[in-house]
Each structure stands twice: as C-alpha cells, then as structure tokens.
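Remarks on the structure that follows.
Derivation of every value follows stated rules applied to the coordinates shown; laboratory data play no part. It should be emphasised that the depicted structure is a prediction, and the values quoted were computed from it without experimental measurement. Glycine gets a Cβ as well: all are built from the backbone with ideal geometry, and neighbour counts include every protein chain shown.
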Amino acid sequence: MPHAITVNDLSVSYDRKRVLNNIFLEIEEGHRYGILGPNGSGKSTLLKAMLGLIDDYTGTIQVLGQDVQQVRKRVVYVPQRSEIDFTFPATVRDVVLMGRYPHKRVFQRLNAADNTMAEAAMRELDILNLQDRQIGELSGGQQQRTFLARALAQGADILLLDEPFVGVDIPTEEKIIEVLRKLSAEGKTLMVVHHDLQAVPEYFDHVILLNQRLIAYGPTEEVFTPEVLKRAFGGQLALLQQAGQM
Ligand code: ADP
C-alpha cells in the first residue's frame, strides 16, 4: 500500500530565496500529524507544496502514490481563516456545497446526494441551524466549522488544515478535535499546521517539526521531547513557555 504522502528531497524557494530545504517525509494513512515550527519556518509552504500550489520547487511529492493533480478529489485543504475573503456573498450552505464541486464535471449540477452529504457535514459540525446565514456575518468559530464541514462534504481521504484552531471559541476547538479524531479512526489522514504546543500530545498522534529543514518527525511520544523542541524552536521556546503555550 502506498503512503498517504511521500515527500522526497523537497526544496522550495520564493523569489529564489530558499524556505524549505531537502525535506523527506513518509506520511502514513489514518494518522493525525501536527506540523510544528516557529513563525516563518515553512509550515504553510509545506502544506501548499503537497497541494501542488507551489511553482518553484525541486524534489518530488507523491500523494496516494500519484501526482497530486491526479488525485485532487481525494485531498482537501482548509486554509487559514486569515487567507479567506469573507466579503463574498455566500451562505453557510453554499460554502459547504462547494465541497461537492470537485466531484462534478464542468457545469454539471449538484443533485440530491450532494445535498445529503452537505447536510450530514453540517449536522456533524452542529451548524445546520446556520445554513442560511451569510458566512461573513458569523463568528470565527462558526466560520471555521463551516470550512471544516465543506471539507467533510468533499469526502476526501487526506485533509490538510492550516491553523484550524486560531480565533475559535473553546466549544469549536473541542468540536474540531472530536471530528479530527473521528476522521482518523475512519482511516483518513490529517495534516494540521499548529502553533500552540500545549495541546499537541492530546491532538496529534504524530508530529513533524520544521525549521526550514526537517528537524524530526514520527510518533508524538517519541518526537515531542524538550530536546527536539529546542532544536526546532531555539530561543523562541522560552518565549512560548512564558506565554503558556508550552
Ligand atoms: P509558516 O507557516 O511556518 O509561518 P510560511 O510557509 O508561511 O511559514 O513561510 C515561510 C517563509 O516563506 C517565510 O519567510 C515567509 O515570509 C515566506 N513566504 C511565504 N509565502 C510567500 C510568498 N507567497 N512569497 C514570498 N515569500 C513567502
């Protein structure tokens, strides 16, 4: 069986400046990976590279044994909320239904089965009662639930999430982690960029520590140690500890 994702000697540059160097990863199916590292360490860039969204790179990335462009439907990306334009007019239901479009041919209509999947996803995230509300009017937690519901509606095997816990209320944080656990129990693979170190052992069974290079990756209990964290975060670790994020 192929790995969910295989990254082989990946290096990425923006304007010729290297931001990721020689990354090798084998991501196993059915696990929850936390991607950790200081600001600017390349966490979001790694997710984007796995989505085929980065132009200037060397090395190879295989998703489910194939080029990501061939398995687009089976991978879903939930961007950071700060990257989403909430001024566009769309209801919660519209956004969740967008998860069905990767399964459609151009101009093909959504059908009853698509509506059923979208409703099931909204029910899972407890947002069925918000379905007619405009996305821009909602709280951060409600918006994040909506984008996770869109990802569920797609029914992908691999979910890539960028900072899903930022700016959400505590019940939403608990709901998100409940859904992520359930998805990995169903065999889905989750990769989550995350910055708050405190909850890591509870949230993720595997971690990837980055600082432009791969510092370490593997099962959380083996890799999430003070020595490895110090190698990844350097002087920032003391600041995180002071801020109660560790
Ligand atoms: P992280 O997610 O760990 O904070 P990023 O992957 O967002 O890190 O960024 C890694 C580095 O690449 C940073 O120095 C950032 O400023 C730079 N960078 C990110 N996106 C771009 C871009 N589109 N153009 C130029 N530089 C970028």
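A few remarks follow.
- Projected label distance in nm at ASN111 and GLN66, using a 7 Å step from Cα toward the beta-carbon: 2.1
- For the stretch 69-75, backbone phi angles converted through the Karplus equation (6.51, -1.76, 1.60; θ = phi - 60°) give residue-by-residue couplings of 4, 7, 10, 3, 4, 8, 10 Hz, Gly and Pro being listed as x.
- Close Lys pairs in the stretch 5-242 (alpha-carbon distance under 27 Å; sequence gap of 8 or more, or different chains): 21.
- According to the Cα-based calculation, Rg over Rh for the stretch 107-152 is 1.00, with Rh computed by the Kirkwood formula.
- Under Stokes-Einstein, with the Kirkwood radius over Cα pairs as Rh, the value for the stretch 5-242 at 10 °C and 1.306 mPa s is 86 µm²/s.
- If the chain linking PHE24 and ARG181 were pulled fully straight, counting 0.36 nm for each residue of separation and taking away their Cα-Cα distance, it would gain 54.0 nm.
- Of all DSSP bridge pairs formed entirely within the chain, close to 55 percent run antiparallel.
- Semi-axis lengths, Å, the stretch 101-236, gyration tensor of Cα atoms, sqrt of 5 times eigenvalues: 32, 17, 13
- Long-range amide H partners of ALA216 with built H, under 5 Å: LEU209
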